[in-house]
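Written below as structure tokens is the structure these notes are about.
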Amino acid sequence: MLGREYWCWDNLCDYYPVVESKKFSLPLPLPKWPQGKGFGTGRICLGEIEVVQITKFKKIWGCSSSFGKSNCVSFYKPDGIPKGYYILGHYCQPDGEHITGYVLAAKDLSDVQDSASKLPALQKPLNYTLIWSSDSQYNGGGYIWMPNAPVGYKSIGCLASVEPNEPDPDEVRCVRADLTENCEASEMMFSSDSFFQRKQFQVWKTRPCKRGMLCAGVSAGTFFGSTSFSSGDELDIACLKNLDSSLHAMPNLEQIHALIKHYGPTMYLHPDEIYLPSSVPWFFMNGALLYKDGRNNGTVINSKGSNLPAGGLNDGQYWLDLPNKDDANRTSVKCGNIESAELYVHVKPSLGGTFTDIAMWIFCPFNGPATVKIGLLSFTLNKVGEHVGDWEHYTLRISNFSGELWSVYFSEHSGGEWVDACKLEFIEGNKPIVYASRNGHASFPHPGCYLQGSSKLGFGLRNDCARSKYYVDSSSKYQIVAAEYLGEGVVAEPPWLQYMREWGPTIIYNGRSEVEKIIKHLPFFMRFSVESLIELFPTELYGEAGPTGPKEKDNWLGDERW
């Protein structure tokens, strides 16, 4: 019948089934990490509560909408909770081969006997509100519940059940409000796509609203379900907050080196790559020049960059450039020197110090021209897309509970993405592979052609990735340049890192003339007007202020773009 919605429910049992989920495992077991404080011990103190990371689950039920198996999720109950700890909500993820996430379980460390007016850190919910349910005559039903927190407390996540009765209040704990922070919906995992308002239902992952190395928000890994939520609305649940400023679960310097040597990716460049990476000192020693506004001649830079202007803001008064045009060395500098190349590593807390982000920066003296793809045709541009000085990076996110690699962030042009460890390619054990795109050096998780534009129309800028003899092993060729949380003087930042200005001159291209050449080569039925074609390109393609260095980027202090 038109308009009727059908649901498929996987109701395994009247009670939580004794069917354990299959968690993804890295290719090799984790090593024994060097001794330290709280890193890799399995437990993290957040002040008045202590949390453990639960990655073992039992399935409650799964569901899919009538629009196909592509929109399927399953709900799980955390399993193996240590004595004295309590769950804060259940877990949900889209159906797949492996469990890729976690939830936190919490233990109350507060001593309410020291203050008669102080409330305990954890408290049972008063009762539950039924958010949504779906009954099926043949396959049973499923129910989503919101814990109703006592006054002064916040709920951290929703619960799922196969029974219409409210869950036991003792099953979950709410957290005292001052130990929490606001969270937001991040990725929508499921939508019922119902034609009927009363049947609409969505499930979201959540994350702290404020994220970055100076932020205290801790993701509990739970899910949020709603029948009326719109992106941007304030959530009825919260995330945790780390009030322990010591960040005792972060790795020490010896542990950082162990992590990089164990997980450091191999970065492959395209076999047709001309503009290879180099070390920063190599770039300086081979003729790179510092220019100042109003002066025609550049200044030679010493190998450490200690004569570069340090600190301050990018005021446009200084920039770097290749050797002079009449210098025979100019072309060879543009092509880089892969033998000298190394990754420049910034280590920082993430998600309130429950994870460590290892951001690995690579420098290329030159970014080559762009290649445009229109349907089956590709056109390499002459100049458009070129610029001096190219900084790119990828970031490893590692759990401080275990030292396990959780995901990798691939910084791509005009964006980027986090990729779970289970979707990565590995080499030599637990080392992921990173593919750098031809000419532009953006990072991707797999070989192939990635289109920056409209994949539906088959139109955009090509990012071609493939294995080749050109590669950099970041597990051995790296330099730690910053880890602020370790304290002053533990990591000596190189002088060039303090250069906050541009690593290349500002260039404005005549993109119109190149676009006109492309149009002339197109079949009649594929032709665009010059204006419409220009509008489809990223604006930065036609003019490039020299890129700034790592410390001037938003993600130096903040989180990655996601």
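The values are calculated or read from the model by the stated rules, or taken from the named source; none is laboratory data. Predicted, not measured: the structure shown is a model, and the values here were computed from it. Here Cβ is always computed from backbone atoms with ideal geometry, including for glycine, and neighbour counts include all displayed protein chains. For accessibility, only protein heavy atoms count, side chains too; no ligands or nucleic acids. Shrake-Rupley method; radii C 1.70, N 1.55, O 1.52, S 1.80 Å.
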Below 12 angstrom from the Cβ of Ala220, what's the summed charge of the other residues (Lys, Arg +1; Asp, Glu -1)?
+4
The chain, accessible surface, carbon-and-sulfur percent (1.4 angstrom probe):
50 percent
Longest principal axis of the chain (C-alpha) makes with the long axis of helix 253-263 (C-alpha) an angle, in degrees to the nearest 10, of 90 degrees
Highest first, please rank the peptides 232-243, 31-42 by the mean number of other Cβ atoms sitting within 10 Å of their residues.
232-243, 31-42
Could you calculate the contour length gain from Asp233 to Ser246, that is, 0.36 nm times the residue separation minus the distance between their Cα atoms, to one decimal place in nm?
1.4 nm
Partner lysines for Lys373 [C-alpha distance under 17 Å; skip if fewer than 8 residues away on the same chain]:
Lys383, Lys456, Lys517, Lys520
Taking a probe of 1.4 Å, how large is the accessible area per residue of segment 288-379, in Å²?
41 Å²
When you count, for each residue, the other Cβ atoms within 10 Å and take the mean per peptide, how do 362-371, 270-279 rank with the highest first?
362-371, 270-279
Over 28 Å (Cα to Cα) among Lys469/Lys553; Lys241/Lys423; Lys334/Lys553; Lys32/Lys154; Lys32/Lys423; Lys58/Lys118 -> Lys469/Lys553; Lys241/Lys423; Lys32/Lys154; Lys58/Lys118
With +1 assigned to the C-beta of every Lys and Arg and -1 to the C-beta of every Asp and Glu, and no other charges, what is the dipole magnitude of the chain about the Cα centre in debye, to the nearest 20?
720 debye
Once you keep just the Cα pairs under 8 angstrom separated by 6 or more residues, what percentage relative contact order results for the chain?
14 percent
Residue-averaged [θ]222 nm for the chain, counting only DSSP H segments that reach four residues, each worth -39500 (n - 2.57):
-2000 deg cm²/dmol
Calculate, in nm to one decimal, what Lys118 and Glu339 gain on full extension: separation in residues at 0.36 nm each, minus their alpha carbon distance.
73.5 nm
Highest first, please rank the peptides 546-552, 491-497, 350-356 by the mean number of other Cβ atoms sitting within 10 Å of their residues.
350-356, 546-552, 491-497
Full extension between Ser25 and Asn296 adds, at 0.36 nm per residue less the Cα distance, a length in nm of 91.8 nm
Over what distance in Å are the Cα centres of segment 547-562 and segment 465-480 separated?
22 Å
So how tilted is helix 511-520 from the main axis of the chain? Cα-based, degrees 0 to 90, rounded to 10.
90 degrees
